[in-house]
Amino acid sequence: MDGVTGMNRLMRLIRNTGMAITIGLVVGIMAIFFNAAINGGVALTRSWLTSENPSILLLPIIGALISTGIYTLYLRNGQIGLGIVQVLVELEFIKTQLMRPFRVLMHVVGAIVTLIFGFSAGRFGPIVHLGASIGSNIAYYLKLESKDIRLLIGCGAAAAIAAVFHMPLFAAVFVLEVLYKKQFADFFAPIVMASVVANFVGRVTQNGQTFPVEVNGVSLISPELIWRYVVFGLLMGFIAILYMMSIQLFTGLFQKMKHIHIRLFSAAILIGLIGYFFPLNFELHNNTTYRVLTGEFGLGLLLAIGLIKILATGITLGSGYVGGNFYPGVTIGASLGVAFGKIIKPYGVDHSLFGLLGIGAMIAGYLNAPISGIILIIEFSGQYEMLIPALIVCALSVSTTFHLYGKDIFTDAYTKTIKNLV
C-alpha cells in the first residue's frame, strides 16, 4: 500500500513539474508581448509630446478617455480587483473560477493604458494577475483538485515575475511568502521550475540588468556602516507607511465622487499637472530606477522623485486606474535610499548601496515580506555580500510597519473584495 502511495506521489510530482514547465514557457512568451506593448506605447506617445509643450497635459486626459471606455464597456457589474488582490481572492475561493480569460485580458489592457499614458503605477501587479490567470485557467480546464489549482496559480504568478523582472529566486519566494503565507512548502520545486524557465525565456529575448555596488574594498558590515543600516531600516519603515497611507487617503477621497468617470478625469488632470511641472513622473519606473542607481540625479531631485511618486501613485491607484503598486515602491525606495546615502555619506561605499537597500526595505515594509525584500536586494545587485545589510534594513522596516500600521498594502482592498463576494 505504501509503495502504491509513493508511486502516486511520484507521478503527481512528475505531472505537476511538467505542467509548471509548460506554464513557464507560455507565461514567458506572454510577458514578452506585455512588455513590448508597454515599451512601444510609451515610445510612441512620448515621441509627440515634450515637456516644453503644454500639450503634455493631454497625455493623461487621453488615457482617461480610453480607461473610461474600457470601464464602461467591460469592467462594470461587480468586477473584482486587479493584481495581487485578485490572485489572493482566487486562492480564497479556490473552487470558484474568478480569473476568467476575457475579464483578465481587459484588466491587462487597462493596465497597459495606465502605464502608456503617464500615470504612476507599475507592471508587477498586472503581470502577476496575467500569469496566475493562465495557471488558473489551465487547472480548471483540466478539472484538477483544489491543491493542484493553487499550485498552478502560484506557478503562473512566479513565472510572470521571473519573465519580466529576471529574478527567478525572488519570484518563487515572493509567491510562497505573500500568496501562500509559507503554508505550502511542497509547492517550492514546481514554482522554482516555472520561474527559472520563464526567466530563461525572458533573458534570451530581452536585456536583463543588474546594479553592481562599488564597495572599494570596504566591508559592508563595518561598525561605521551598521548604525547607518539601523537608522535607514527604521526610516524606510516610515516611508512605507507613508506610501500606504497615500493610497488609502486618495482612495477615500475619490470614493466620495459617485461616478467612476469623474474620478478618472479628475485624477488625469492632477497627473497631467504633476507631469507638466515634473516631467520625470511620465517616465517608466524601471528607467527612472536605473538612472537613480547609476547616479544621474542630485540630492534635491532624488528627494523630489521619491515624494512625488508617493503622491502620484496615491492619485493613480486611489482613483481607480488599473496598475500595480510594486514598481512605484521600487523607485521610491531607490531614490530616497540614494538620497539618504548622499546625506549621511557612507564610509567608503557608493551611494547606490543605500538605493538598493531602499528597494528591498520598501518591499519588506509595505508587503510585510522581509524574505522577498532580502532576496530582491541580492538579485538586483548580483552580490551576495549584500545579505547582512539586507537582513538588517528589511527586518527593521517590516517591524516598523507591522507595529505602527498593522497591515500590508493589500489588506483593505482584499477585505473589501471579500465582503463584496460573500
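If only residues of the stretch 196-252 that are at pLDDT below 70, among the β-branched types (Val, Ile, Thr) and in contact with an Asp or Glu (Cβ under 9 Å, 6 or more places away or on another chain) are counted, the one that is nearest to Gly295 (Cα to Cα) is Val213. In the stretch 275-315, of all residues being out of contact with any Pro (no Cβ under 7 Å at 6 or more places or on another chain) and polar (S, T, N, Q), the one that is farthest from Ala121 (Cα to Cα) corresponds to Thr294. Residues in the stretch 380-422 that are free of Cβ contacts under 8 Å to residues at least 40 places away in the same chain, surrounded by fewer than 19 Cβ atoms within 10 Å (Cβ to Cβ) and in a helix (DSSP H, G or I): 9 in all. On inspection, Thr316 fails the criterion of being surrounded by fewer than 24 Cβ atoms within 10 Å (Cβ to Cβ) and of a type in the set (S, T, N, Q).
Among the residues of the stretch 366-379, those that are assigned to a helix (DSSP H, G or I) and either closer than 17 Å to Phe124 by Cα or in the same structural domain as Val175 (by TED's automatic domain parsing) (or both) comprise Tyr366, Leu367, Ser372, Gly373, Ile375, Leu376, Ile377, Glu379.
Of all residues assigned to the stretch 136-150, none qualifies as being aliphatic (A, V, I, L, M), without any contact (Cβ under 8 Å) to a residue 24 or more places away in the chain and closer than 28 Å to Gly373 by Cβ. When Phe119 is tested against (1) at pLDDT 85 or above; (2) surrounded by fewer than 24 Cβ atoms within 10 Å (Cβ to Cβ); (3) part of a loop (DSSP other than H, G, I, E, B), exactly one condition is not met: (2). Selection of the stretch 59-78 for residues being loosely packed, with under 15 Cβ neighbours inside 10 Å and either at pLDDT below 85 or in contact with a Ser or Thr (Cβ under 9 Å, 6 or more places away or on another chain) (or both) yields Thr72, Leu73, Arg76, Asn77, Gly78.
Taking the listed residues Leu152, Leu144, Leu176, the one that is at pLDDT 70 or above, over 17 Å from the mean Cα position of the chain (by Cα) and assigned to a helix (DSSP H, G or I) is Leu152, with no other qualifying. Of all residues in the stretch 245-265, which are among the polar types (S, T, N, Q) and either touching a helix residue (DSSP H, G or I) at 6+ places or on another chain (Cβ under 7 Å) or under 20 Å from Leu307 (Cα atoms) (or both)? Of everything in the stretch 245-265, those that are among the polar types (S, T, N, Q) and either touching a helix residue (DSSP H, G or I) at 6+ places or on another chain (Cβ under 7 Å) or under 20 Å from Leu307 (Cα atoms) (or both) turn out to be Ser246, Gln248, Thr251. The selection criterion, being in the same structural domain as Lys342 (by TED's automatic domain parsing) and buried (at least 21 other Cβ atoms within 10 Å of the Cβ), holds for Ile239.
For the residues Ile260, Ile247, the requirement of being surrounded by fewer than 24 Cβ atoms within 10 Å (Cβ to Cβ), aliphatic (A, V, I, L, M), under 30 Å from Tyr74 (Cβ atoms) and within 17 Å of the chain's Cα centre (by Cα) singles out Ile247.
For the condition of a type in the set (Gly, Ala, Ser), surrounded by 15 or more Cβ atoms within 10 Å (Cβ to Cβ) and over 20 Å from the mean Cα position of the chain (by Cα), Ala20 qualifies.
The values are calculated or read from the model by the stated rules, or taken from the named source; none is laboratory data. Computed from a predicted model, the values in this text were never measured in an experiment. We place every Cβ from the backbone using ideal geometry, glycine too, and count neighbours over all the protein chains shown.
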